[in-house]
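Engineer: Sharing a structure below in structure tokens format, with a few things to ask.
Read-outs throughout are calculated quantities, based only on the coordinates presented, and are distinct from any laboratory measurement. Here the structure is a predicted model, which means the values were calculated and not measured. For neighbour counting, all protein chains shown are included, and Cβ atoms are generated from backbone atoms with ideal geometry for every residue, glycine included.
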Amino acid sequence: MLYDLARPFLFQLDPETAHELALPSYRLMQRMGVSGLPGRALQGAPVRVMGLDFPNPVGLGAGLDKNAEYIRLLAGFGFGFLEMGTVTPRPQPGNPKPRLFRLVEARAIINRMGFNNHGVDAFVANVERARYEGILGINIGKNFDTPVERAADDYLACLRKVYPHASYVTINISSPNTKNLRQLQQAGELGALLAQLASERERLARGAGRRVPLAVKIAPDLDDEQIDAIARLLVEHGIDAVIATNTTVSRRGVEGLPHADEAGGLSGAPVRAMSTEVLRKFAAALKGRLPIIGVGGILSAADAREKIDAGASLVQVYTGLIYRGPVLVKEIVDALAAQAKAA
């Protein structure tokens, strides 16, 4: 209800300015006890994935809180899990502004943020202050000025720093907004990267006494051969989940709309079908050997059910939250719980 009242005002603002205002405003309302948020993870359709027990299968996708500054606030939206980041080893400002664009008619967003964040040390300090006891995914990437040939150095540096604090760690190799990053999805590069990360994870696990799951986030702009190759490598290197998908560089479904020609990744309703099709193909290629987290174009409970029916064990929302507000979380949780009860 509160978001429905605030959205017209927020949508009059520059999208990045609106983002910077919305979360602090919600946090203030939460502290005043007038936010209207559940205040805790909603209980419904609990599921065990990656060896973790999720109170519900609806998570926050990476990108909304890159610096882990609003963990306690976002946990109060009712999510079954949160994914923070993408975080890089060193702070970086990201790409020049403007870099975030609404396509309201299509219920979509184009972003070319470029992994803007305060760096992994500041990120970890924020996680420690939050003392969050729910399931926390941490999404890691490389700095923009690290050559792609040295990308593993950045991922390993982040993995070492976040490992003690993460329920699972996501390897982001699919953002279209860092030059050459998607090159890491090619079989040769991906195999080498995963081998190093898997080896380091085992070393960290021995020292910490716990094995933190690794997930890989992939793009929707993959052909069948790439999907099969990636699926094979994920299994071969003991990766625990795949997140399907990131944003797309395609402009299918938004042609001719204002801002449609802006560079960056497209998210929201237009990516839903493409993302679900890639998810379905991964499910076929993986044959149940590791779980899939479905994300991309979820703006309703029906969209979330579509991802589950295509093979996802969990779902994540981000752009849908911007267009629908926190009510979307409860709507999806309730629908999936009712579906599970009826099954």
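Engineer: Can you work out the Karplus-derived ³J(HN,Hα) for every residue in region 258-275? Use 6.51 cos²θ - 1.76 cosθ + 1.60 with θ = phi - 60°, whole Hz, and x for glycine or proline.
Structural biologist: Here the 3J(HN,Hα) series is x, 6, 4, 8, 5, 6, x, x, 8, 10, x, 3, x, 8, 4, 5, 4, 5 Hz.
Engineer: Further question on the same structure: Pairs of Cα atoms under 8 Å, at least six residues apart: use those to get the relative contact order of region 99-184, whole percent. Mind dumping the intermediate values first?
Structural biologist: On the way: 91 pairs, mean separation 25.5, N = 86.
Here the relative contact order equals 30 percent.
Engineer: Provide SER175, SER250 in ascending order of the number of other Cβ atoms located within 10 Å of each residue's Cβ, fewest first.
Structural biologist: Values: SER175 25, SER250 14.
Ordered from fewest to most neighbouring Cβ atoms within 10 Å, SER175, SER250 come out as SER250, SER175.
Engineer: So, counting K/R as plus one and D/E as minus one, what does the shell of residues with Cβ under 14 Å around ILE110 add up to?
Structural biologist: Working: positive: LYS97, ARG99, ARG102, ARG107, ARG112, ARG251, ARG252; negative: ASP14, GLU16, GLU105, GLU255, ASP261, GLU262.
Around ILE110, the surrounding residues sum to +1.
Engineer: Number of Lys pairs in the chain with C-alpha atoms less than 14 angstrom apart, excluding same-chain neighbours closer than eight positions?
Structural biologist: On the way: LYS66/LYS142; LYS142/LYS161; LYS142/LYS179; LYS142/LYS217; LYS281/LYS307.
The number of close lysine pairs in the chain is 5.
Engineer: Quote the relative contact order of the chain in percent (integer), defining contacts as alpha-carbon pairs under 8 Å separated by 6+ residues.
Structural biologist: Details: 706 pairs, mean separation 58.4, N = 343.
Dividing the mean separation by the residue count of the chain yields 17 percent.
Engineer: How big is the charge dipole of the chain about its Cα centre, in debye rounded to the nearest 20, if each Lys and Arg gets +1 on its Cβ and each Asp and Glu gets -1 on its Cβ? Walk me through the intermediate numbers first.
Structural biologist: Values: 40 positive and 35 negative charges, 157 e Å.
Rounded to the nearest 20 debye, it is 760 debye.
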